[in-house]
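One structure is given below, encoded as structure tokens.
Nothing in this text is a laboratory measurement; each read-out follows from the coordinates by a stated rule. The shown structure was predicted, so the numbers you read here are calculated from the model rather than taken from an experiment. For neighbour counting, all protein chains shown are included, and Cβ atoms are generated from backbone atoms with ideal geometry for every residue, glycine included.
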Amino acid sequence: MTISEKPFIIPIFIPHAGCPHRCAFCNQNTITGTPAQIPSADTLRTQVETFLSYKKPDRRPVEIAFYGGNFLGLPPDQIREILKQASYFIEQGRACGIRFSTRPDTVTTDTLDILKDFPISAVEIGAQSMNDEVLSLSLRGHSAWDTQKAVELLHRRGYVIGIQMMVGLPGDNDAKAVDTGRKIAALMPAFVRIYPAIVIRDSLLHQWYEMGKYAPLSLEHAVSVVKQLYLLFKEKKIAVIRMGLQASADLEPGVSIIAGPYHPAFGHWVLSEIFLDKAACIMVSADVSGKDICIRVHPKNVSKMGGICNRNMMVLKEQFRMTSLKIIPDDSLCCEEVNVHERRE
Ligand code: SF4
């Protein structure tokens with residue numbers, strides 16, 4: 001399967017299961033809205049059946065994913081049991097693979113031996129940063145070297161590898177975040193996820209925030225640094241499959257989210273900024289002032305070109321002083337293309 005085939009993921013949350021301790025930024029019970037327990041065999045089957053009943057009858061491959069914990073940190077028998085339960089759906093032909101997220105320091109020849117007999121479609125490593133100082137200040141309890149070793153082991157065994165990274169952690173800055181991006185890209189994962197650090201209720205970061213020891217990134221700053229990372233990974237042909245936390249009813253600003261750059265459409269915002277940059281770059285060298293201007297983009301990018309609440313249109317109009325500005329969907333354009341011209345009526 002290629003990454004572009006976008007599987008239908010059935011997420012099973014196992015909050016903090018297998019975690020050696022709490023990392024400073026983390027509170028999976030709040031993020032996932034799930035109590036700290038591993039689902040029983042019956043619960044797991046019910047959860048998977050429920051998700052399968054929602055799935056449209058398309059040909060997207062189904063994968064069962066275990067998130068929110070440190071999968072390979074679980075006792076070996078428990079790992080085998082969970083994988084056995086999930087494999088039942090694969091044997092029935094109703095799912096095609098299992099993926100999970102795990103800490104880099106749990107990827108060893110011993111833990112990978114446990115996986116040998118199961119249909120693992122991807123392993124996601126929570127690297128978070130490739131800067132040892134940032135890792136230490138965030139109380140991760142592992143180093144960048146652990147991530148490098150884990151990815152090498154996984155490559156050697158032929159696994160599809162995903163890497164998760166964060167921006168705005170304690171001690172982090174833009175240069176360190178971009179350096180982390182470069183080091184992760186050099187490890188050649190198949191895909192990455194980028195999360196801005198958020199102050200989650202009852203995390204250690206929450207305490208530090210209240211004590212004035214930690215200040216999160218602003219939303220604009222987080223969008224700007226994640227945009228740089230997205231472009232870096234894109235250039236290296238590494239798929240960025242998520243930017244920002246998945247919006248859910250459990251993630252409510254002021255309730256579970258205390259502070260930080262959370263936006264339910266964070267990834268869309270980042271992509272909108274990229275379209276804004278493209279259009280502005282063309283307009284800088286075109287004579288658009290005082291004219292009626294059209295921007296043509298592929299139909300699937302109309303909302304990205306417009307930006308959140310049509311912000312891009314307002315910014316461009318203000319900056320380039322056009323009489324009018326309109327977006328026109330044009331399916332003759334390729335996906336990334338932005339075409340700017342004067343309106344001909
Ligand atoms: S970040 Fe991962 S390892 Fe750390 S506490 Fe959260 S789930 Fe556990």
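So if R0 is 25 Å, what FRET efficiency would Ala186 and Ala286 give, r being the distance between their Cβ atoms, rounded to the nearest 0.05? Calculated transfer efficiency: 0.10. Amide H contacts under 5 Å for Phe66: Ile12, Arg99, Phe100, Ser101, restricted to partners 5 or more places along the chain or on a different chain, H placed in the peptide plane at 1.01 Å from N. Listed by Cβ neighbour count within 10 Å, with the fewest neighbours leading, His21, His142 appear as His21, His142. Among Val48, Val284, the order by Cβ neighbours within 10 angstrom, fewest to most, reads Val284, Val48. Normalised by the number of residues in the chain, the average gap of Cα pairs under 8 Å and 6 or more apart makes the relative contact order 13 percent. Placing dummy labels 7 Å off each Cα toward the beta-carbon, the span from Thr109 to Lys237 is 3.2 nm. Annotation: aspartates and glutamates with alpha-carbon distance below 15 angstrom to Lys326 (same-chain offsets under eight excluded): Asp292, Glu318, Glu342, Glu345. Distances between placed amide hydrogens fall under 5 Å for Ile328 paired with Ile295, Arg296, Val297, all partners being 5 or more residues away or on another chain.
Only sites in a loop by DSSP and with at most 14 other Cβ atoms within 10 Å count here; which trypsin sites (Lys or Arg not before Pro) in segment 316-345 make the cut? Hits after loop and neighbour filter: Arg321, Arg343, Arg344.
For Ala239, the residues whose modelled amide H falls within less than 5 Å of its own, excluding neighbours fewer than 5 places apart on the same chain, are Val192. Shape of segment 286-342 from its Cα gyration tensor (a ≥ b ≥ c, root eigenvalues): rounded if a/c is under 1.5, otherwise prolate when a/b > b/c, or oblate? Note, shape of segment 286-342 comes out oblate.
Computed from the C-beta positions of Leu139 and Asp58 and an R0 of 45 Å, the FRET efficiency is 0.60 to the nearest 0.05. Hand me the trypsin sites (Lys or Arg not before Pro) from segment 215-295 located in a DSSP loop with no more than 12 other Cβ atoms within 10 Å, in residue order please. In loop regions of segment 215-295 (DSSP not H, G, I, E or B), the sparsely surrounded trypsin sites (Lys or Arg not before Pro) are Lys237. Excluding same-chain neighbours fewer than eight residues apart, the lysines reachable from Lys227 by a Cα-Cα span under 23 Å are Lys6, Lys176, Lys183, Lys236, Lys237, Lys278, Lys300, Lys304, Lys317.
Under the definition of Cα pairs under 8 Å and six or more residues apart, what whole-number percent is the relative contact order of segment 286-342? The normalised contact order for segment 286-342 reaches 57 percent. Stokes-Einstein diffusion of the chain at 10 °C, 1.306 mPa s viscosity, Kirkwood radius from Cα pairs, rounded to a whole number: 73 µm²/s.
On the beta carbon distance between Lys300 and Asp174, with R0 = 41 Å, the FRET formula returns roughly 0.85. As I understand it, the dipole of segment 43-97 uses +1 on the Cβ of Lys and Arg and -1 on the Cβ of Asp and Glu, about the Cα centre. Which of Tyr67, Ile82, Phe51 lies farthest toward its positive end? In segment 43-97, that residue is Phe51. Dimensions of segment 218-345 from C-alpha coordinates, computed as largest minus smallest value along each principal axis and given longest first, are 51, 33, 23 Å. Shape analysis of segment 1-144 places it in the prolate category; the axes a ≥ b ≥ c from the Cα gyration tensor give an a/c of at least 1.5, with a/b above b/c. When each of Cys96, Cys26 is scored by the number of other beta-carbon atoms lying within 10 Å, the sequence from fewest to most is Cys96, Cys26. In loop segments of segment 121-176 as defined by DSSP, the trypsin sites (Lys or Arg not before Pro) with at most 16 further C-beta atoms inside 10 Å of their C-beta are Arg157.
Relative to the Cα centre, the charge distribution of the chain, modelled as +1 at Lys and Arg Cβ and -1 at Asp and Glu Cβ, gives a dipole magnitude of about 560 debye.
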